[in-house]
Amino acid sequence: MQQLIDQIRQEERLPDVVSGRCVHEIVEMASCSSCVDVCPQHAWSLDDEALRLDTALCDGCGLCMPACPEGAISIRYEILIGDWEKRKIVLCACEKAGISRKDGAIPCIHIVGTKDILKLYRNGYSEWVVATGRCTECMRNSGAKLSERVDQINSALSVNTITPISYRRLSSCEWQRISSLWVEDHAASRLSRRGFLQGMIEGSLRPTSALFNLHEGETDEYTTPGELLPTKDESTVWPYVPQFDAVQCNGCDACVRLCPHGAIDLNDTGERMYYSVEPQLCSGCGICVDICNAQAISVNKWSKPKHRDVALERMKCSCCGNQVHVPTVSRVRSQQHCRICAQVNHHKNLYQIVE
């Protein structure tokens, strides 16, 4: 019986994958291997045919969740949130921290992603209290850390002099004492991400505590980290910023067509044509970088856009006669060739005698 119980618990900790969100479903040539790189058990593998999960190796640590830029991976884990003396606090603890109370305990605190932090911050939860085991000795100590994500967000908030997020690490005894003040065994209500946000809007969230669900399912609306930032102006530092090299760009529009969230767009007012960059919509998936044959796009992390627009100019290819558009400073424009003809040697004979 115990073996069956352990098997059920293990299956509950296996990741759910929304295949339609994975970048490899969107673009076959996608280079993303975030889940593979961060997995301490090497349970994820990627080859030319498919992305695979070895369920026998997976221990449900959840580190692949925040690593996935498109939120395609999720496991049902919860952290504790609540009010204490008019302060909104988040409690989460590593399961190896020696916590007997399971409310708020998760396999590793580093499975809390940037979007989770920002969603809670937008609803007033600006204090994080955590307890961990010995991270330096843990095999799960790979990839980005929760404290690093908090620091990155705080650096962005400081640009607009917005109140930063407080992050405190306590001993397991101190952490458990605080959590015990909040909840009894059945006091916490479990809320999905959508239910949590809706409850805050309607004012129906219980004033004591609740369990915030880190799970994001297929029916949950996807949001990028940039959309969750509290400010969106010219001074904002964004989590991800697509950047054009206008000289190298050949105006093929592949990035516009394949960007899953419209972070890169083509605009034509009749008088003016240009590419526009909307960094708040970028998820950092890297598709634009992968499909750009001209290597004209990069994605910078936690930075300001150098320019939001790339001016385009219409021209007629001197070889094939097709109407195209390219950046005003593009090397292709100086040749007066479209991107196809620019790669063709027009001085080469159609027929050649090979001896």
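For the chain, the fraction of C-alpha pairs farther apart than 26 angstrom is 58 percent. Shown for segment 112-162 is the translational diffusion coefficient from the Stokes-Einstein equation, using the Kirkwood radius over Cα pairs, a temperature of 25 °C and a viscosity of 0.890 mPa s: 199 µm²/s.
The apolar share of the surface of segment 11-102, taken as the fraction of accessible area on carbon and sulfur atoms (1.4 Å probe, ligands and nucleic acids excluded), comes to 47 percent. Cα-based values for segment 1-140, radius of gyration first and Dmax second, are 16.7, 55 Å. The three principal axes of the C-alpha atoms in segment 34-116 carry coordinate ranges of 55, 27, 17 Å, sorted with the longest axis first. Coupling constants for segment 236-248 follow from the phi torsions by the Karplus curve (6.51 cos²θ - 1.76 cosθ + 1.60, θ = phi - 60°), and in residue order they are 5, 8, 9, x, 9, 9, x, 10, 8, 9, 5, 5, 7 Hz; glycine and proline get x. When each of the peptides 315-323, 299-307 is scored by the mean number of other C-beta atoms lying within 10 Å of its residues, the order from highest to lowest reads 299-307, 315-323. Note on the chain: helix-only mean residue ellipticity at 222 nm, from DSSP H runs of 4+ residues weighted -39500 (n - 2.57) and normalised by residue number, equals -6000 deg cm²/dmol. Among the protein heavy atoms of segment 117-162, carbon and sulfur supply 43% of the accessible surface, probe 1.4 Å, non-protein parts ignored. Take the chain with all the other protein chains still there, run a 1.4 Å probe, and you get 53 Å² of accessible area per residue. Averaging the sequence gap over all C-alpha pairs within less than 8 Å and six or more residues apart, then dividing by the number of residues, gives the chain a relative contact order of 15 percent. Computed from the alpha carbon atoms alone, the convex hull of segment 63-162 holds 116 Å³ per residue.
List, in the order given, every pair from Lys119/Lys232; Lys88/Lys232; Lys86/Lys232; Lys115/Lys232; Lys115/Lys306 whose Cα-Cα distance in the structure shown is over 22 Å. Over 22 Å Cα-Cα: Lys88/Lys232; Lys86/Lys232; Lys115/Lys306.
Antiparallel as a % of all DSSP beta bridges within the chain, to the nearest 5? If I count the DSSP bridges inside the chain, around 70 percent turn out antiparallel.
Put simply, when 165-177, 88-100 are sorted by average Cβ atoms within 10 angstrom per residue, most first, you get 88-100, 165-177. Taking the C-alpha atoms only, the angle from helix 146-159 to the longest principal axis of the chain is near 60 degrees.
The values are calculated or read from the model by the stated rules, or taken from the named source; none is laboratory data. Given the structure is predicted, the values throughout are model-derived calculations rather than measurements. Every residue, glycine among them, receives a Cβ derived from its backbone with ideal geometry; neighbour counts consider all protein chains shown. We work out accessible area using only protein heavy atoms, side chains counted, and drop any ligands, DNA or RNA first. Shrake-Rupley method; radii C 1.70, N 1.55, O 1.52, S 1.80 Å.
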